[in-house]
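To keep things clear, I will list the structure first and then write my remarks on it.
What follows draws every value from the coordinates through simple rules; no lab data is involved. What you see is a predicted model, and the numbers here were worked out from it, not measured in a lab. Virtual Cβ from ideal backbone geometry, glycine too; neighbours counted across all protein chains shown.
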Amino acid sequence: KPATVTCTAPVNIAVVKYWGKRNEGLILPINSSLSVTLHQDQLKTTTTVASCRSFQEDRIWLNGKEEDINHPRLQSCLREIRRLARKRRNDGDSSVDVGCLSHKVHICSVNNFPTAAGLASSAAGFACLVYTLAKVYGVDGELSGIARQGSGSACRSMYGGFVQWIMGEREDGKDSVAQQVEPESHWPDLRVLVLVASAERKPVGSTAGMQTSVETSNLLKHRAESVVPDRMKQMIEAVHKKDFATFAELTMRDSNQFHATCLDTFPPIFYLNTVSRHVISLVHQYNRHYGEARVAYTFDAGPNAVIYTLQQHVAEFLQVVRLVFPPDNNNGKTFLTGLQVEPV
Ligand code: DP6
């Protein structure tokens with residue numbers, strides 16, 4: 001009879017972006033980053049891991065389709081969790097499930113949002129995988145360093161609320177871990193809206209994109225060395241103080257600089273489309289109208305806008321968005337294919 005564990009992990013949306021690695025294998029970044037982890041209820045991955053003596057081999061199904069278990073990053077996570085479990089058991093930790101340790105696992109993972117549309121599916125996916133495997137084997141404690149080896153941004157989804165990924169300095173990556181800056185209860189009226197401009201797969205994945213950026217963009221080097229360190233400090237302070245205007249400006253500037261480094265990459269990478277640019281203008285117009293930053297946008301490696309705002313502005317801003325982007329006056333094509341309101 002298999003031992004079965006099911007867990008969910010939410011997506012996180014960076015406000016200071018991670019872009020570029022100093023070590024590809026260990027997934028060590030060239031700068032620290034900071035994100036907000038969403039609530040469990042909407043954009044999430046659900047993973048079930050079954051462990052059984054009669055399983056012949058490890059297997060994985062993603063969104064109902066069997067995938068290659070030999071994917072190097074998947075193997076890193078499996079290996080590291082099993083290594084940790086063995087180490088804990090040898091150190092005398094009685095919560096480690098000795099029976100399970102030698103068994104193979106079957107993993108089933110489903111997202112409730114479009115994969116690879118720049119909506120951080122790999123972050124929720126690897127965070128959930130590592131967390132669920134850890135539960136199967138009975139290990140707890142610091143696991144973000146393992147999730148990081150699945151996908152860099154995944155380490156931040158191991159915690160709720162406001163989370164920083166400290167880049168670390170060590171060659172072995174032991175100090176490159178996520179840390180909670182504030183819990184989700186800290187800023188209860190902060191809201192996240194996802195404006196879906198396209199649910200298509202992105203043309204250049206983050207892994208390949210950031211590799212080319214590291215190789216070719218001087219702007220990225222400048223950003224990592226001279227911009228992000230101060231910005232991290234300012235962002236953490238804005239979060240501590242719940243200073244929305246500062247939080248919003250830093251978030252928009254950081255998204256813009258990230259997309260500028262993509263343009264500075266050779267050949268250039270374009271993640272934003274016409275809808276994205278319209279959303280950017282709209283947000284600036286809206287804020288200018290009120291003479292203060294009430295709304296902020298940020299874009300990952302895709303055209304979908306993620307909007308940060310406060311609860312008291314959500315209804316009005318959504319009304320404006322629906323006016324500017326009516327769902328179906330675009331020759332039958334949907335401009336905004338979806339609209340989700342995410343309580344943070
Ligand atoms: C633009 O974590 O997907 O979303 O480490 O190669 O798996 P890998 O990359 P990934 O990159 C995320 C990039 C980003 C910014 C961010 O989330 O910080």
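What do you get for the angle between helix 228-241 and the principal long axis of the chain? Use alpha-carbon atoms, 0 to 90 degrees, nearest ten. Approximately 80 degrees, to the nearest ten.
So, counting K/R as plus one and D/E as minus one, what does the shell of residues with Cβ under 11 Å around residue 242 add up to?
Numbers: positive: 241; negative: 182, 189, 237, 243.
Around residue 242, the charge tally is -3.
Per residue, the convex hull spanned by the Cα atoms of the stretch 246-329 amounts to 95 cubic angstrom. Mean projected area of the Cα convex hull of the chain, taken over all directions, amounts to 18.2 nm². By the count of other C-beta atoms within 10 Å, a proxy for reagent exposure, 167, 210 are ordered fewest to most as 167, 210.
Around the amide H of residue 105, modelled in the peptide plane, lie the amide H atoms of 58, 59, all under 5 Å away and 5 or more residues distant in sequence or on another chain.
Sorted by average packing, counted as other Cβ atoms within 10 angstrom per residue and highest first, what order do 169-175, 151-157, 296-302, 100-106 take?
On the way: 169-175: 12.1, 151-157: 29.0, 296-302: 24.1, 100-106: 17.1.
My ranking of the peptides, most packed first, is 151-157, 296-302, 100-106, 169-175.
Using a 10 angstrom cutoff on alpha carbons, build the Gaussian network for the chain and name the most mobile of 137, 290, 308. It is 290.
When the listed pairs 65/135; 17/174; 65/87 are checked against a 29 Å cut-off, the alpha-carbon distance exceeds it for 65/87. Note on the stretch 1-143: the C-alpha convex hull projects to 9.4 nm² when averaged across all orientations.
Electrostatic tally near residue 254: other residues with Cβ closer than 14 Å to its Cβ, Lys and Arg +1, Asp and Glu -1, net +2. Taking the longest Cα principal axis of the chain as reference, the axis of helix 311-324 is set at about 70 degrees.
Tell me what the chain gives for mean residue ellipticity at 222 nm when only DSSP H runs of n ≥ 4 count, each as -39,500 (n - 2.57), the sum divided by the residue total, rounded to 500 deg cm²/dmol. List each step's numbers first, then the result.
Working: 10 runs with 126 residues, N = 344.
Value at 222 nm, helices only, nearest 500: -11500 deg cm²/dmol.
Overall size of the stretch 63-216 from C-alpha positions, given as principal axis extents largest first: 50, 39, 34 Å.
Taking Cα centre as origin and charging only the Cβ of basic (Lys, Arg, +1) and acidic (Asp, Glu, -1) residues, the dipole magnitude of the chain rounds to 500 debye. Each of 323, 38 has some number of other Cβ atoms within 10 Å of its Cβ, and from fewest to most they run 323, 38.
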